[in-house]
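> Next up is a structure, given as structure tokens.
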Amino acid sequence: MGKRHAFDEIMGFSGAAPARPSLAALGDWLKETPDGELRRRQEAAENTFRQLGITFAVYGESEASERIIPFDIVPRVFLKSEWDRLSEGLVQRVEAINAFLEDIYGERRILADGVLPADLVLGNSQFRPEIAGIKPPHGVAAHICGIDLVRTGPDEFFVLEDNARTPSGVSYMLENREAMLRLCPELFRELRVAAVDSYPDLLLETMKSVAPHGSGSNPQCVVLTPGHYNSAYYEHSFLADSMGIELVEGADLVVDDDRVWMRTIDGLVKVDVIYRRIDDDYLDPLVFRPDSALGVPGLIAAYAAGNVAILNAPGDGIADDKAIYSYMPEIVKYYTGAEAKLPNVETYRCREPQALKYVLDNLPELVVKLVDGSGGYGMLVGPTASSGEIEKFRAALIAEPERYIAQPTLALSTVPTLSDQGVSPRHVDFRPFVLSGSDGVRVVPGGLTRVALKEGSLVVNSSQGGGTKDSFVLMDDGASQTQSADGQTQAMGGMTQSQGSATGGRA
Amino acid sequence: MMLLSRTASSLYWLGRYIERADFIARLVEATVRLDVLSSRPAGEAAWSSALTVTETEEDFLKSGAAMTQNQTVKFLTLDTSHPGSIVRCLSMARDNARAVRTALSRDAWTAINRAWLIFENRSGVGGTAATLNMVEAVKTETRGFEGAVHRMLRNQATWFVRLGQAIERADNTARLLDVKYHILLPEGERVGGVLDRDQWTTILQTVSAVTAYRWLYSDGLRSANVIDLLVTRKEMPRSLGASVEEVVDILGHLAKQTGSHGEADRMARMRAARAGRTRSTEIIASGLHQYLQSFIDENAQLHGAIGRQFRFG
């Protein structure tokens, strides 16, 4: 990242103490808590995660390689005013995504009006012609969105990627908070942090709100998982558990008379709403991949008949495709009538000859991504790449330009992070979760912060050595160090004293 | 309240595997004592009988390992290629538990996961002290699981775990008695002799019944009493009588919640009625081995009926 200091979200542009004035309390906490104590707490948190089995499987390794994602004890913090502006942008973007999906699988006005090239949508592998013409119950298609953001300054947020299929990571938002409440209770006395634990309730409300008409007052909701060998299985079970609904596998469901039923010890029970964590491809072997053993034959017919709601709706992938992403500012403006409040990262579509030329001329400064890649694979980070890697990508770009986009390397913000050398700045990104029901769009005050644990690294993916942090959203703009009158927080305060005094003794 | 058939099946198997892991841990512990700590070391015979109880002697011989404490304990505890080892039982239990996490409480899950983690990256069993520590650690976690299951909501999920445990427990106790009584005693050894006494103590230790025995029988260690305790005494949790009755009770709870009875209910009630009329003296007179063999068969039939009644598939 050169000599220029990236914006540090706690320390500010200087990158060193003192902290930003509104976050002085956090700065003091960092200064006063010895590294050894931070490390002890971090290990305690990771130990808990291991016992709970909050692990992900590393594909291609042996059974023993169930790993936890590293957890960092230093939280990242949003001030209330920062969060409020951010939320407005998120709501606007997700409203546009829902309108776009309804349009694309319906009238396709946006194509008729020439805002998007039709072949980019209709010829896209993420576009599902099988779904065209089916209206999802209550007209909502992207019920759960995870919008990946990066930050370069106090109010400079950019959308890096939209996730409108089955965004994962929300269990980390909740479990990381649990760990922080237990291990750093004193922080919650100093800072008024908005609670995130209402997420499962909101998700269940969202599910019930989109139940097909005629499901009755208490619709039967389930979470559909590919099974416990899936790397995100913990999250599937965690969500079903926190909502108090059944976690089903494809084989537990059966479609009869265009209705979905689950097999129970008492016989068949009707299902109204399915939060699926299975990709479209595997959802229904009669419509998509015929070799899928994970899905439910006939599910799409039941969906087309309006007898079941599927979250997120099949075909949503077209909205988070990287090629479509570059048009999001136009899409937002087209459906909401206003400029996008959250800008994209500037994106060069290599399918366009002029853009391709620019990209080829400036490869060492750019990040190049596969349009359909994920997990940090198939990616060139110009400034840190070897000349060999750059030349490899140059050849690939010339051969198949339409498969790539490129973006400038941003001076991604950092957050102090516990490393082997003590607390030092590490780059982060952010995934807030946005829920859309029949009654509107809601953002939960928190999200998943991913951190690149290697010094200088910009790659935050867990498969590439990234970790996570808790993400605090403050209920004020800091500075005021009032104690919360909330009973629960006071009880935490009681716990603080013993830990706090141990810490104070050494500080 | 309803329950997926797949979930019910996994919960039941989870109960069986945890119980089995616990049983093997107890068996190893008792055999170590028999071999090393008793007044006269039993050596190879002790370990050979431990393998017979778990019906794995043949597999062990095929592995080519020597019948020493170290090798046998390793086979029964750590050997991932042996389906009857503790680590494999715990791994199966954990797999089933993972598949039904939503039906388990956090405490119940972490107990299973912690038990499984005991064996992570463990390649050897170490000496006697290390072995005893290891099985003690397993027992601690299975006890924790047992406690957590009893603190869970009294819903169908809980009853299926406990049903699996009760069926497995009946099977384990029957096997333990059968093997110890007929196979273990070396030829020429006097019934009631020193080694014989040690063997019976081993049985009582395996089922945690040493103290219970002393409470119930005042006339010293006698094989007829041990058989009475483990076959008919319902106040002894691991006796056949208690397990048989527990299965009836659990199926009764399930019937109350699902509102229907079936084949398994009838079979379990008939078995309990018969067990209620059984006297241990008659069993010994007419042949303990035959009695235990038919008990094990019947238990397996009940297992099949449970699967059919609840559509385990």
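Read-outs throughout are calculated quantities, based only on the coordinates presented, and are distinct from any laboratory measurement. What you see is a predicted model; the values in this text were computed from it and never measured. Quick reminder, even Gly has a Cβ in these numbers, built from the backbone with ideal geometry, and neighbours come from all protein chains shown.
> How far apart, in nm, are two points set 7 Å out from the Cα along the Cα-to-Cβ line at residue B:281 and at residue B:308?
My value for the distance between the label points is 3.9 nm.
> Here is a follow-up. As an exercise, take the mean of 1/r over every pair of distinct alpha carbons in chain B, invert it, and state the Kirkwood radius in angstroms. The partial results should precede the final answer.
On the way: mean 1/r = 0.0499 Å⁻¹.
It works out to 20.0 Å.
> Which semi-axes, in whole Å and largest first, does the equivalent ellipsoid of the range A:346-409 have when worked out from the alpha carbon gyration tensor as the square roots of 5 times its eigenvalues?
Working: eigenvalues 44, 35, 26 Å².
Largest first, the range A:346-409 gives 15, 13, 11 Å.
> For the range A:282-368, state which GluC sites (Glu not before Pro) are in a DSSP loop and have at most 11 other beta carbons lying within 10 Å of their beta carbon. Present the calculation step by step, with values, prior to reporting the outcome.
Values: sites: A:330, A:339, A:346, A:365; in loops: A:339, A:346.
Filter output for the range A:282-368: A:339, A:346.
> Kindly write out, for the range A:438-453 in residue order, the coupling ³J(HN,Hα) from the Karplus curve 6.51 cos²θ - 1.76 cosθ + 1.60 (θ = phi - 60°), rounded to whole Hz, with x marking Gly and Pro.
The phi angles translate into 5, 9, x, 10, 10, 10, 7, x, x, x, 9, 9, 9, 10, 7, 6 Hz.
> Next question. Search the structure for amide H atoms under 5 Å from the amide H of residue A:371, placed 1.01 Å from N in the peptide plane, and list their residues when 5 or more places away or on another chain.
A:404, A:405
> Considering only A:116, A:342, A:285, whose Cα is most displaced toward the positive end of the charge dipole of chain A, charges sitting on Cβ of Lys, Arg (+1) and Asp, Glu (-1)?
Sorting the options by dipole projection puts first A:342.
> Quick one: which residues, 5+ away or cross-chain, put their amide H under 5 Å from the amide H of residue A:309? H built at 1.01 Å from N.
For residue A:309, whose amide H was placed from the backbone, the distant partners under 5 Å are A:273, A:274.
> Would you please give the FRET efficiency between residue B:290 and residue B:235, computed as 1/(1 + (r/R0)^6) with r the Cβ-Cβ distance and R0 = 30 Å, to the nearest 0.05? Spell out each step's value before the answer.
Working: r = 26 Å, r/R0 = 0.86.
According to the calculation, E is roughly 0.70.
> If you don't mind, there's one more thing I want to ask. Can you list the residues, at least 5 places off or on another chain, whose amide H is less than 5 Å from the amide H of residue A:248, using H built in the peptide plane?
For residue A:248, whose amide H was placed from the backbone, the distant partners under 5 Å are A:223, A:224, A:225.
> Now, a different point. Taking a 20 Å limit on the Cα-Cα distance, which of the listed pairs A:341/A:454; A:135/A:208; A:208/A:270; A:322/A:369 fall beyond it? Mind dumping the intermediate values first?
Working: A:341/A:454 32 Å; A:135/A:208 17 Å; A:208/A:270 15 Å; A:322/A:369 9 Å.
Long pairs (Cα-Cα over 20 Å): A:341/A:454.
> Would you work out if the protein assembly as shown is rounded, prolate or oblate? Take a ≥ b ≥ c from the square roots of the eigenvalues of the alpha-carbon gyration tensor; rounded if a/c is under 1.5, else prolate when a/b is larger than b/c, oblate otherwise. The partial results should precede the final answer.
Values: a/c = 2.30, a/b = 1.75, b/c = 1.31.
Prolate, because a/c is 1.5 or more and a/b exceeds b/c.
> How many lysine pairs does the range B:5-309 hold where the Cα atoms are under 27 Å apart and the two sit 8 or more places apart or on different chains? Present the calculation step by step, with values, prior to reporting the outcome.
Working: B:62/B:74; B:62/B:180; B:74/B:139; B:74/B:180; B:139/B:180; B:139/B:234; B:180/B:234; B:234/B:256.
Count of close lysine pairs: 8.
> Where is the GNM fluctuation largest for chain B (alpha-carbon springs, 10 angstrom cutoff): B:196, B:219, B:79?
B:219
> Distance in nm between label sites at residue A:386 and residue A:463, each 7 Å beyond Cα in the beta-carbon direction?
Calculated label separation equals 2.2 nm.
> Can you give the FRET efficiency to the nearest 0.05 for residue B:301 and residue A:201, using r as the Cβ-Cβ distance and R₀ = 45 Å? Write out the running numbers ahead of the final one.
Details: r = 46 Å, r/R0 = 1.03.
Efficiency for this residue pair is about 0.45.
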